[in-house]
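Let me begin by presenting the structure, written as structure tokens, before commenting on it.
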Amino acid sequence: MNIQGVIPSPPFALLEFTGVERNDFLHRLLSNELLLKAGQATAAYYLNVQGRPLARFWIFQWFESTWLVCPKSQAEMALVELDKMHFGEKLRMHDRSREWQSTLLVGSQRSSWLGQRLGKEPPAGPWSFHQEADWMLCRFPFLASGSDLLWSKKPLFDDLRDVSAQWDLERIQAGRPWPSDWAEKTMLLEVAEPTDYVDGKGCYPGQEVVARTLHRGHVNRRITLVGGSGEVPAPGTKLQLGDKEVGWISSAAAEGATFAALAFLRHEVWEPGTELQREDGGSVTVQTPRREA
């Protein structure tokens, strides 16, 4: 499937951090290195002291602002939690989601669309950022067919096909967990990718738990892509290998007669091609996420 279209108003919020100490502040609180140069981008989590995710961020750096993209459902809570850690640093935090219109461009032709509409060549991807007076572009390969996130002061792509109905399927096929996939007891290493955190990074909330797991133990389960055919399994559907329960479905979406799903699976069944039984009588097979090269 090679979708060519847009998702108007995707479920992302846009937070702006300004001030000379903003990057040091974020660096001390988030799971990844945040000392970025203008135009660079990265991903990170904000954790509680038990190492459980409170918020998911994609961070895009510019000269006078650091822009944080996060799931819209987490924006208000994230600002409140981060403000609790603000003890006089020279910075300000704002939710800019209402001031900028968001559009998620989907498919391999998006670079040519961007060049035509923006009047200039977009910055190199896959993770980068550029800001002008009327638009900001986050090179953001989040979906299986490839995607970029544009924030603009006026509509730029309202003549393109709306593919919003493909959101869940595309993010699941890419193996991208969403806050609806995890719960209060989910640990960072069960949902994060290696690029979302730095092993050995200095102290941030939950860092000790992450380090202890990496160096003294192992991750018992993690979120994994599975697929199958027939009826789409409901979230919470348990998965088995023989008579042993090895995980559960967290989200699923149909694609014709087949479906893709994200599941929390025990480490012994992570190998792609492993077939598991569903408690409702069906089956799934562990798959490798599909992402744009």
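The values are calculated or read from the model by the stated rules, or taken from the named source; none is laboratory data. Keep in mind that what you see is a predicted model, and the values were worked out from it rather than measured. Don't worry about glycine lacking a Cβ; one is built from the backbone with ideal geometry, like all the others, and counts go over all protein chains shown. All accessible areas refer to the heavy atoms of the entire protein, side chains included, with ligands and DNA or RNA removed. Shrake-Rupley method; radii C 1.70, N 1.55, O 1.52, S 1.80 Å.
List of remarks:
- Region 275-293, subset polar (S, T, N, Q) and within 15 Å of Asp243 (Cα to Cα), residue least open to solvent (accessible area, probe 1.4 Å): Ser283
- Among residues of region 221-255 being part of a loop (DSSP other than H, G, I, E, B) and open to solvent by 80 Å² or more (accessible area, probe 1.4 Å), the one that is farthest from Asp168 (Cα to Cα) is Asp243.
- Within region 33-49, residues that are under 18 Å from Gln131 (Cα atoms) sit with their Cβ atoms under 9 Å from residues that are of a type in the set (Ser, Thr, Tyr), at 6+ positions apart or across chains, in these pairs: Leu36/Thr42; Leu36/Thr66; Gly39/Ser128; Gln40/Ser128; Ala41/Ser128; Thr42/Thr195.
- Scanning region 153-195 for residues that are closer than 24 Å to Gly247 by Cβ, among the small types (Gly, Ala, Ser) and either touching a Lys or Arg at 6+ places or on another chain (Cβ under 8 Å) or at pLDDT 95 or above (or both) gives Ala174, Gly175, Ser180, Ala192.
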